[in-house]
1. Over all Cα pairs of the stretch 313-390, how is the pair count split among 10 Å bins, expressed in % and running from 0 up to the last occupied bin?
2. Around F444, with a cut-off of 9 angstrom between Cβ atoms, what is the net charge of the other residues, counting Lys and Arg +1 and Asp and Glu -1?
3. With labels modelled as points extended 7 Å from the Cα through the Cβ direction, what inter-label distance (nm, one decimal) is found for N263 paired with R305?
4. To the nearest 10 square angstrom, how much accessible area does S163 have with a 1.4 angstrom probe?
5. Leaving out ligands and nucleic acids, and using a 1.4 Å probe, what accessible area per residue does the stretch 110-445 come to in Å²?
6. Net charge near G206, counting Lys/Arg +1 and Asp/Glu -1 over other residues with Cβ under 11 Å of its Cβ?
7. Leaving ligands, DNA and RNA out of it, report the carbon-plus-sulfur percent of the accessible area of the stretch 110-445 at a 1.4 Å probe.
8. Counting only C-alpha contacts under 8 Å and six or more residues apart, can you give the relative contact order of the stretch 110-445 as a whole percent?
Amino acid sequence: EDASSSSSTQNSVAPELPGFYYDPEKNRYFRLLPGHNNHNPLTKDSIQHKAMECKRLRLLEEEEKQNQKTTRAGLNSSVLLQKRQLGLLSCTSYCRLVHELKVNCMQRRKIEIHSPDSSVAGTNNFKIIVADVACERIFTVNDVEHGGCKYGIINLSGLGKESLTVEMYDNLYFTNRKVNSVCWASLTHPDSHVKLCLMGIAETPGCASLLPASLFSSTNPGDRPGMLCSFKISTAWSCAWCLNPQADNCFSTGLTRRVLVTNVVTGHRQTFGTSSDVLAQQFATQTPVLYNGCRSGEIFSIDVRQRNRKGQSWKAIRLFHGSAVTSIHLMEAEHYLMAADMAGKIKLWDLRTAKCVKQYKGHHNEYALLPVHVNEEEGLLIAVGQDCYTRIWSLQDAHLLRTIPSPHPSSKDAIPSVVFSSRLGGSRGVPGLLMAVKQDLYHFSYN
């Protein structure tokens, strides 16, 4: 249960009085004060935070006691195999239940982070981690103590079934601005660069930068290329790289009320005006089409081969959420689109009929730009909520398979960032979930 639901359960015992909180343990009312007061810190926020922390500690204790906790009674590998052999389970149902069993048997283990510079590893809080397509490397954005962000790349090749060590290559590049969005870019070879969108502050404008990944390599430190592409823009909310050959070497940037598509080689730019800020973007691979999610709740697509025209007639597909769209993910066949918003709604849209076909319940979000992660190979959807819980759903039936509490106390500055892959570390890598929170990196083995 959420803190709100547990609070309503308490209030059902005694009548609710405006401005007062009923404590069932002490069997009395306490006055609530707006905001924070050092003499009487009893506020709604403090009560909710205490309830959430009690729930987190309880879940962590349960996970330590039960190595193989399942959401369905009697679910184990031997029973599933027996039912499959007797023909009591279809192939689809068997695969789905096996994945559910795997998810619920994942155990948390801390990863040791090594760095050529011993003073770097484990000194800054993780903010964002984004894996390349092969899941061999992870680009990290870390908070810096004196303010701003610092960048690095973690090599996952040392992540084995027995050894849980990774190498982190840091760099002197850092910024005093907030990083809103990160994506890998394939310019000279697959995932050769990293695209960054920085938010402007005060008189400092926003910035979109394309950095060579070789900046973070330990080889040939004296022969590192400089920043390949960087230009000042209004606040950049999102970015995406195009892998379709019809829009080769192009990336998009979601700005305040407009979309900018830039060709890195020629420098040519296209601008598409929108009625709202563009918070999420992704290119299709089969066609040069860009999908955009807006603060207004609208999702629309742009064919980048056409020129911008007055009005909005260039919008090919239009979908609508009731709140700001924070993340979108185009499914592999490109007939379906997963989208999440600031109301905590996660919906699967059929692009052919423009209708919502599934909804994944339980996600928590109120105002943060939180991504969703889809792994179609394993049939899983993963999302981290603003309450710092990592939730995993079955793609097929939208069933919530597991809720993972954060190893650290919940706060808006400690929301975990995750990566899930069947091959962490490359083609011969290990399957599992990576979770970065505070200064720590954890591995949840998926076997």
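The values are calculated or read from the model by the stated rules, or taken from the named source; none is laboratory data. The structure displayed is predicted, hence computed values, not measured ones. All Cβ positions, glycine included, derive from the backbone under ideal geometry; neighbour counts span all protein chains shown. Each accessible area value is taken on the protein alone, full model and side chains, heavy atoms only, with ligands, DNA and RNA left out. Shrake-Rupley method; radii C 1.70, N 1.55, O 1.52, S 1.80 Å.
1. 18, 52, 26, 3, 0
2. +2
3. For N263 paired with R305, the spin-label model returns 1.5 nm.
4. Result for S163: roughly 50 Å² accessible.
5. Heavy-atom accessible area per residue stands at 42 Å².
6. Net local charge, G206 excluded: +3.
7. Summing carbon and sulfur atoms, their accessible area is 49 percent of the total for the stretch 110-445.
8. About 13 percent, as a whole number.
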